[in-house]
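Written out below as structure tokens is the structure these notes cover.
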Amino acid sequence: MGANLTNERVLSTMNVDGSRRWLRPALSAGGFWKRRAMVGWGLIALFIALPIVPIGGKPAVLLDLARREFTFFGTTLYATDTVLLMLAMLGIFLAIFLLTALFGRAWCGWGCPQTVYMEYVFRPLERLIEGDLKAQVAMDKQRLHPRRLLKYAVYAVLAVVLANVFLAYFVGIETLGHWVLGSPGDHPQGFAIVLGTSVLMFLDFAWFREQMCVVACPYARIQSALLDKQSLIVAYDRGRGEPRGKLRKTRLEDTSLARAAAAPLAGDAADSPGASAAAQPTSEPAGDCVDCGACVRTCPTGIDIRDGLQMECISCTQCIDACDAVMDKIHKPRGLVRYSSQDEIEQRISQTVKHKLLRVRTILYPAGLLVIGALFLAVVSNRSDSEVTLLRGIGAPFDVQGGNVMNQMRVKIHNHSTAEHQYQVELVGQPGLQLVGPENPLKVKKGEVRTVGFFVTGKVEAVRGSLDVPVRIKDGNGFDKTVNFKVLGPRP
Ligand code: SF4
Ligand code: SF4
């Protein structure tokens with residue numbers, strides 16, 4: 001029973017007693033790691049640039065939740081653009097489905113900010129400040145070690161910077177600048193938001209780390225439904241690797257792998273499944289896996305890729321780099337752990353096919369995306385720069401004075417364009433009625449919403465019961481819209 005408990009794992013990041021299994025993945029700086037570094041740094045630059053670089057007078061991306069305006073590369077969608085917003089959301093979901101069906105969790109390993117910042121900013125800083133894995137483990141004995149405190153101080157500064165960049169997407173850099181440069185007393189709400197986001201960033205990268213991918217991220221939960229047997233995954237070639245076994249001493253002496261294979265595992269990863277209990281030292285002939293555990297020690301989510309496809313795998317390719325380095329040392333072909341598909345790895349299709357691009361879901365998803373794209377373009381091309389709503393005045397529906405009936409009408413105009421417009425409001429084909437307002441035409445600045453009250457007046461005889469009156473609103477720039485307004489009067 002005790003032995004069973006010791007081998008039992010519920011989560012790769014949890015010990016059997018429920019405590020956190022703290023992971024310190026060893027770096028495998030192979031070819032994939034270098035390619036991912038280039039992609040990662042490019043994405044970091046993009047992440048910083050998008051809320052700052054202006055396109056058409058607005059930031060390239062601004063998700064102004066307070067005003068419900070969403071700007072993407074010069075185009076602003078408003079809360080009233082529900083069809084466009086719905087199409088955009090549908091498109092994003094379908095694109096994620098397609099990406100996952102084709103490339104598995106490539107997003108997690110190559111593009112997700114959690115992985116990119118963790119592996120290319122926070123983890124390298126940790127190695128730089130605290131030293132190698134051995135030094136980090138030794139540091140655990142002295143909780144307030146000066147180097148660890150320095151690491152947390154650097155993390156805190158970075159967390160504040162990242163939190164500000166993140167918030168710039170939602171409030172814009174101008175508002176953020178006021179919050180940051182002004183006194184907290186002047187902007188208590190803004191200050192609280194910046195502080196709260198910074199604290200969350202710090203906790204995420206200093207403490208929560210891989211738990212975000214393993215237990216919190218909803219994408220990980222649904223990926224099994226999105227993958228199929230031909231999706232690209234990082235996989236261990238069981239047919240080639242098994243039966244795994246340590247290299248015999250005579251072979252070990254010939255190779256520098258002797259040291260690597262005999263090296264103690266660092267930190268808590270020492271009890272990782274890398275030192276597989278199932279694997280027994282074997283005599284040759286054995287499979288190509290020498291059970292060195294390098295693929296496990298390097299895994300940022302603490303799993304053993306040799307156990308097959310697992311929810312915790314973020315396709316970061318570190319195990320590929322680690323195993324390729326081992327294969328080089330023992331003069332075996334690379335690719336024992338590689339990008340593959342379940343079908344290929346289970347030898348249901350030839351290794352040269354690997355990954356069939358055309359499948360039912362990889363045809364249906366792009367077809368859906370095409371339809372959504374076409375609908376989106378059609379709606380955008382018919383979209384007006386202005387939006388008009390007629391509202392009834394607050395209070396009594398109408399008023400009768402000296403034989404005249406009066407209805408209050410509020411004209412609400414939203415100018416989406418990038419210039420000020422003047423809107424003329426007039427009644428169409430109603431000689432017995434007049435429109436009285438404080439200002440006509442109405443000036444509305446770019447991006448502004450104005451609501452102005454008018455009165456529709458006429459003799460009581462002209463309005464008995466109710467009358468649908470066409471109201472025309474036009475500007476000199478091609479906007480021309482007629483909307484009916486119900487004018488009410490005393491019953492006949
Ligand atoms: S790194 Fe390769 S050889 Fe070593 S345990 Fe992992 S799969 Fe086996
Ligand atoms: S199993 Fe390999 S690809 Fe998956 S998370 Fe671990 S190291 Fe990355």
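Pairing each residue of region 128-155 that is within 20 Å of Val199 (Cα to Cα) with any residue that is among the charged types (D, E, K, R), provided the two are 6+ apart or on different chains, yields C-beta distances under 7 Å for Arg148/Glu130; Lys151/Glu126; Lys151/Glu130. Right, Val425: in contact with a Phe, Trp or Tyr (Cβ under 9 Å, 6 or more places away or on another chain), modelled with pLDDT of 90 or more and surrounded by 13 or more Cβ atoms within 10 Å (Cβ to Cβ) or not? In short, yes.
Does Lys459 satisfy being of a type outside the set (Gly, Ala, Ser) and either free of Cβ contacts under 8 Å to residues at least 40 places away in the same chain or under 30 Å from Gly56 (Cα atoms) (or both)?
When the stated conditions are applied, Lys459 does not pass them.
Test of understanding: among Val194, Val171, Val215, which residue is part of a helix (DSSP H, G or I) and surrounded by fewer than 18 Cβ atoms within 10 Å (Cβ to Cβ)?
From the options Val194, Val171, Val215, the qualifying one is Val215.
Of the residues Gly393, Gly373, the single one that is closer than 24 Å to Leu77 by Cβ and of a type in the set (Gly, Ala, Ser) is Gly373. Name the residue, out of His187, His178, that is more than 30 Å from Ile345 (Cβ to Cβ) and within 27 Å of the chain's Cα centre (by Cα). Among His187, His178, only His178 is more than 30 Å from Ile345 (Cβ to Cβ) and within 27 Å of the chain's Cα centre (by Cα).
On the stretch given as region 287-297, residues that are in a loop (DSSP other than H, G, I, E, B) and more than 8 Å from ligand 1 (Cβ to nearest atom) total 1.
Here region 315-343 is the region considered, the condition is being touching a strand residue (DSSP E or B) at 6+ places or on another chain (Cβ under 9 Å) and part of a loop (DSSP other than H, G, I, E, B), and the residue that is farthest from ligand 1 (Cβ to nearest atom) is Ser341. Selection of first residues in region 188-204 that are over 16 Å from Ile173 (Cα atoms) and assigned by TED's automatic domain parsing to the domain that holds Phe170 and of second residues that are among the aromatic types (Phe, Trp, Tyr) and modelled with pLDDT of 95 or more, restricted to Cβ pairs under 7 Å at least 6 apart or on distinct chains, gives the following pairs, ordered by first then second residue: Phe202/Tyr155. Within region 288-311, being near ligand 2 (Cβ under 8 Å from one of its atoms) and in contact with a Phe, Trp or Tyr (Cβ under 9 Å, 6 or more places away or on another chain) holds for Cys295, Asp304, Ile305.
Out of (1) within 17 Å of Ala206 (Cβ to Cβ); (2) loosely packed, with under 15 Cβ neighbours inside 10 Å, the odd one out for Gln136 is which? With respect to (1) within 17 Å of Ala206 (Cβ to Cβ); (2) loosely packed, with under 15 Cβ neighbours inside 10 Å, Gln136 is out only on (2).
Condition check ((1) of a type in the set (A, V, I, L, M); (2) under 30 Å from Asp228 (Cβ atoms); (3) modelled with pLDDT of 90 or more) across all residues:
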| site | (1), (2), (3) |
| --- | --- |
| Glu344 | no, yes, no |
| Ser350 | no, yes, no |
| Arg361 | no, yes, no |
| Leu369 | yes, yes, yes |
| Ala374 | yes, yes, yes |
| Thr389 | no, no, yes |
| Gly395 | no, no, no |
| Asp399 | no, no, yes |
| Met406 | yes, no, yes |
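Those strands (runs of 3 or more DSSP E) of region 34-94 in which at least 3 residues are within 22 Å of Val379 (Cα to Cα) and at pLDDT 85 or above, considering only elements entirely within it, cover 61-64, 69-72.
Within region 97-134, being among the small types (Gly, Ala, Ser), outside any helix (DSSP H, G or I) and within 13 Å of ligand 2 (Cβ to nearest atom) holds for one residue alone: Gly104.
The values are calculated or read from the model by the stated rules, or taken from the named source; none is laboratory data. Predicted model only: the values in this text are computed from it and were never measured. Note that we place each Cβ from the backbone using ideal geometry, even for glycine, and neighbour counts take in every protein chain shown.
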